[in-house]
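Report on the following structure.
The values are calculated or read from the model by the stated rules, or taken from the named source; none is laboratory data. The structure presented is a predicted model; accordingly, all values stated were derived computationally and were not measured. Cβ placement follows ideal geometry from the backbone for every residue including glycine, while neighbour counts extend to all protein chains displayed. Protein only, heavy atoms only, side chains kept; ligands, DNA and RNA dropped before computing areas. Shrake-Rupley method; radii C 1.70, N 1.55, O 1.52, S 1.80 Å.
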Amino acid sequence: MSALHIEHAAGARRPLGVMAALPQELGDLIDAMRAESAVRAVSHGSRDYHVGTMCGTPCVATLARIGKVAAAATVSALIHAFDVEAVLFTGVAGGVGETVRVGDVVVADSFVQHDLDASPLFPRFEVPLLGVSRFAADPALSARLADACERFVTEEGAVLAARLGIEPPRVHRGLIISGDQFVAGAADVELLRAALPDALAVEMEGAAIAQVCHEYGVPCAVVRTVSDTADAEAPESFATFLTELAGSYSSAILRRFFGAEV
Ligand code: SAH
């Protein structure tokens with residue numbers, strides 16, 4: 001297979017990579033890009049990359065599928081084949097922080113791979129030979145993302161809460177933990193809380209993306225809507241939330257992030 005490298009027009013801004021694991025989690029982004037200007041679909045490494053613009057910002061939107069390897073492979077391609085300037089990930093997660101409820105939004109400040117353990121050779125959670133256990137989200141990109149989320153919950157939270165019969169959604173910022181498991185048990189949540197007391201949400205991609213971005217010096221930011229609380233009800237709560245709400249949350253947040261009229 002030949003290497004792929006998408007050239008940008010001379011002087012053009014490098015694009016922003018926008019990723020999700022599952023199609024619902026990208027919301028209407030690709031349709032919104034298509035409505036604005038031509039979108040080129042590029043197939044590479046068993047994924048489709050949609051190259052276009054959103055509110056004038058050059059973007060490459062793609063789906064990683066589920067898990068750390070899938071996410072790492074996809075973000076590597078965004079960096080190497082599409083020369084992205086930064087990476088934004090949107091999706092759902094299980095809430096593990098005491099105050100994090102279904103329907104809340106979590107913007108990552110930092111990430112840990114909760115299933116990485118090469119102890120006693122290296123401290124638990126530390127990426128061997130890299131010497132890092134907590135990866136940072138880019139502060140400026142994350143601040144802009146959190147601002148978009150705050151505007152979303154201020155403008156649409158009350159209506160959303162009344163419609164769903166939930167408390168008005170809130171925005172949290174802090175640690176997101178990632179591993180190759182769908183966490184669906186109260187005892188598992190207790191173990192995660194004991195090991196990583198400041199974790200707000202658990203998912204399966206964020207920390208892998210953050211590691212690759214750290215290694216290549218590419219800024220990244222991650223937003224997760226809480227679809228479940230990683231307990232016995234998680235499979236059902238996740239499936240319902242994914243089908244009914246993940247898309248509208250992502251669309252509403254991304255539209256504000258890019259500065260579209262809402
Ligand atoms: N059976 C599902 C698989 C879901 S995996 C399916 O067929 O689609 C869950 C996805 O949502 C992952 O991408 C992960 O990042 C996120 N997620 C949501 N809740 C989670 C939880 N409780 N534990 C781990 N990941 C979770």
Is one or more of the residues making up the stretch 240-262 part of a loop (DSSP other than H, G, I, E, B), within 13 Å of the ligand (Cβ to nearest atom) and buried (at least 22 other Cβ atoms within 10 Å of the Cβ)?
no
List the number of the failed condition for Val226; all other conditions in (1) part of a strand (DSSP E or B); (2) over 17 Å from Gly94 (Cβ atoms) hold.
(2)
Conditions (1) out of contact with any Ser or Thr (no Cβ under 8 Å at 6 or more places or on another chain); (2) within 16 Å of the ligand (Cβ to nearest atom); (3) not small (Gly, Ala, Ser); number of the one not met by Arg144
(2)
Inspect all residues belonging to the stretch 215-225 and state whether any of them is free of Cβ contacts under 8 Å to residues at least 40 places away in the same chain and on the phi > 0 side of the Ramachandran plot.
yes
Pairs needed: first member in the stretch 24-51, open to solvent by 70 Å² or more (accessible area, probe 1.4 Å); second member anywhere, aliphatic (A, V, I, L, M); C-beta distance under 7 Å; at least 6 residues apart or different chains.
Gln24/Leu242; Gln24/Ala246; Glu36/Met54; Arg40/Val51; Asp48/Ala41
I'd like to check something: does the stretch 74-81 contain any residue that is within 11 Å of the ligand (Cβ to nearest atom), surrounded by 20 or more Cβ atoms within 10 Å (Cβ to Cβ), closer than 16 Å to Glu25 by Cβ and modelled with pLDDT of 95 or more?
no
Among the listed residues Val51, Val100, Val39, Val60, identify the single one that is at pLDDT 95 or above and within 16 Å of the ligand (Cβ to nearest atom).
Val100
Does Tyr216 fit the bill of being under 13 Å from the mean Cα position of the chain (by Cα) and either more than 8 Å from the ligand (Cβ to nearest atom) or within 14 Å of Leu88 (Cβ to Cβ) (or both)?
no
Can you confirm whether Ile177 is open to solvent by less than 10 Å² (accessible area, probe 1.4 Å) and either out of contact with any Pro (no Cβ under 9 Å at 6 or more places or on another chain) or within 16 Å of the ligand (Cβ to nearest atom) (or both)?
yes
Return yes when Ala194 is under 19 Å from Ile177 (Cα atoms) and surrounded by fewer than 22 Cβ atoms within 10 Å (Cβ to Cβ) and no when it is not.
yes
Per the filter on the stretch 209-225, residues touching a helix residue (DSSP H, G or I) at 6+ places or on another chain (Cβ under 8 Å) and open to solvent by less than 10 Å² (accessible area, probe 1.4 Å) are Ile209, Cys213, Cys220, Ala221, Val222, Val223, Arg224, Thr225
Only listed residue being within 12 Å of the ligand (Cβ to nearest atom), on the phi > 0 side of the Ramachandran plot and not charged (D, E, K, R), chosen from Ala230, Ala234:
Ala230
With respect to Ala195, is the statement that it is among the aliphatic types (A, V, I, L, M), touching a residue at least 40 places away in the same chain (Cβ under 8 Å) and within 10 Å of the ligand (Cβ to nearest atom) true?
no
The number of residues in the stretch 82-127 that are open to solvent by 10 Å² or more (accessible area, probe 1.4 Å), touching a residue at least 60 places away in the same chain (Cβ under 8 Å) and among the polar types (S, T, N, Q) is 3
Taking Glu155, is it open to solvent by 10 Å² or more (accessible area, probe 1.4 Å), away from the ligand (no atom under 16 Å from the Cβ) and acidic (Asp, Glu)?
yes
